[in-house]
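To start, the structure itself, in structure tokens.
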Amino acid sequence: MNALLHEIRRTPLLWLLVAVPVVLVAEHVSPQAHTLLFVLSVLAIVPLAALLSHATESVAAKTGDAVGGLLNATLGNLTELVIAISALRAGQTMLVKASIAGAIVTNTLFMLGASFLLGGLKHHTQEYNRITARVQAALLFLATVALLVPSAIADVDGAQANGFATHLSVGLAVLLIAAYALSMLFSLKTHRELFASAEHGEDGESPWPIGLALPTLGVVTVLVALVSEVFVASVQEAAQSFGMTPAFVGFIVVALVGGAAEMASAFSGARKNRLDLSVGIALGSASQIALFVAPVLVLLSHVVGPAPMDLQFWPGAVLMMLVATMTASLVTNSGRSAWFVGVLLLMVYVIFALTLYLLPPRAA
């Protein structure tokens, strides 16, 4: 605990933790002040992300970058899962689909690209385990195919198409979860030697004891989930005052804020020349959303939602996910990176963001 208090005292960014109780109290006192709640929730998520970053790096120092990246992706996606369940209960399936597609594209292009850029600006070239990247890219491609099929039959005749899409989505959800479980068995058990880190990186700061890092991960993840719920509840109304379209909000804003904790860890790892951790977080989080979070939401929608959610996405979302997957597969094939590779990934992401900002897709 002393290490945690020392970290808070010496890091001015963590002083923003005061915004966490403020936003939770403000949400109960003035739930209609959407713009204020939006700003406060963003200010609260930033220091929580920094804490989560340090705790994850401490765990990764004990377990290795592959397991550390998986742990960070899992805890980060737990936040998005909680947010999506709340949206399902409210019947906002379009927001759920937009946040799923946006998280996949944001993690694959923005998080990975920014990690390459930040790491490349400090280090001339960086190396990482290309097997890890190729496996994660292959899993993303599998998930994209699974999302493409229900969307391809969207124009089939009427009531039969709706029933068929629902049943097909349930079947695909089960298959995707099975594929994700088998990928964990492959990477963490039967062939774990293939996923060793390419470099150990810089020593940097001393890691926290594991007895402090793990409880911090759990507590901070819960706080991020609570604050993120306030953020999602206020973002739609606040977006109108900032001139943002609903598609841009779901696909870009929610994905960026929801993934802030993972991004902090990925960026920090890249700057410390631990690019395996960054690649593991970025691509691991994207594949986990596609293969686990989205299928679980489909299954849960039959229990918690007013209507079942299927895996039919609007064509633009499917195209963006497919392009993001193919781009990540292309640039990570060599196992080496420099800052310009990050620029290329970020350019693709900015093209998507600009398109959504100016021309939102139609409802699915």
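Across P150, P209, P12, mean-square fluctuation computed from a Gaussian network of the chain (C-alpha pairs under 10 Å connected) peaks at P12.
Taking the protein heavy atoms of the chain in the context of the full set of protein chains, the accessible area attributed to carbon and sulfur is 69 percent at 1.4 Å. Residues V222, V279, ordered by accessible area of protein heavy atoms at a 1.4 angstrom probe radius and largest first, appear as V222, V279.
Placing +1 on the Cβ of every Lys and Arg and -1 on the Cβ of every Asp and Glu, with nothing else charged, gives the chain a dipole about its Cα centre of roughly 300 debye. Note that the chain presents 43 Å² accessible area per residue, ligands and nucleic acids not counted, probe 1.4 Å.
Close amide H pairs (under 5 Å, H built 1.01 Å from N) link M309 with S301, H302, residues at least 5 positions away or on another chain. Total lysine pairs in the chain at Cα distances under 30 Å, for residues eight or more apart or on different chains: 5.
Over all orientations, the stretch 295-347 has a Cα convex hull whose mean projected area works out to 5.4 square nanometres.
Pair-distance distribution P(r) for the chain, from all Cα-Cα distances in 10 Å bins starting at 0: 5, 25, 35, 25, 9, 1, 0 percent.
The values are calculated or read from the model by the stated rules, or taken from the named source; none is laboratory data. This structure is a prediction, so every number in the text was calculated from the model and none was measured. Cβ coordinates were reconstructed from backbone atoms using ideal geometry, including for glycine residues, and neighbour counts include every protein chain displayed. Protein only, heavy atoms only, side chains kept; ligands, DNA and RNA dropped before computing areas. Shrake-Rupley method; radii C 1.70, N 1.55, O 1.52, S 1.80 Å.
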